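The values are calculated or read from the model by the stated rules, or taken from the named source; none is laboratory data. What you see is a predicted model, and the numbers here were worked out from it, not measured in a lab. Using ideal geometry, Cβ is built from the backbone for each residue, glycine included, and neighbour counts are taken over all protein chains shown. Protein only, heavy atoms only, side chains kept; ligands, DNA and RNA dropped before computing areas. Shrake-Rupley method; radii C 1.70, N 1.55, O 1.52, S 1.80 Å.
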Amino acid sequence: MDHALLIGGTRFIGRHLVTELLDHEYDVTIFTRGTHENPFRGQSRVDHVAGDRTNESELEQVATQIDPDV
């Protein structure tokens with residue numbers, strides 16, 4: 001199965017994008033600061049990684065760990 005890494009994912013547009021990705025058979029990892037409730041908590045095909053999107057090394061680290069297709 002393909003894997004998508006989404007920067008954000010807990011607010012309005014991100015929630016809809018995660019849902020679309022799931023509907024198209026992607027597993028999804030959301031990368032967020034963790035300051036908002038995760039609406040996908042408990043869903044087996046959505047993982048959460050906490051971090052700061054303005055920190056380039058954190059972005060590189062999560063991208064390397066996840067190795068996303070999208």
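When you scan the range 27-46, how many residues do you find that are under 14 Å from G8 (Cβ atoms) and surrounded by 11 or more Cβ atoms within 10 Å (Cβ to Cβ)? Steps first, please.
The initial filter retains those residues of the range 27-46 that are under 14 Å from G8 (Cβ atoms), namely 28-40, 46.
Checking the rest, the ones that are also surrounded by 11 or more Cβ atoms within 10 Å (Cβ to Cβ) come to 28-34, 36, 38-40, 46.
Residues flagged as under 14 Å from G8 (Cβ atoms) and surrounded by 11 or more Cβ atoms within 10 Å (Cβ to Cβ) within the range 27-46 amount to 12.
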Quick check on this structure: which one of D27, D47 is modelled with pLDDT of 95 or more, out of contact with any Pro (no Cβ under 6 Å at 6 or more places or on another chain) and more than 14 Å from V70 (Cβ to Cβ)?
D47
Test result for L59, outside any loop (DSSP other than H, G, I, E, B), at pLDDT below 95 and open to solvent by less than 80 Å² (accessible area, probe 1.4 Å):
yes
Failed item in (1) assigned to a loop (DSSP other than H, G, I, E, B); (2) surrounded by 12 or more Cβ atoms within 10 Å (Cβ to Cβ), with T54 passing the rest
(2)
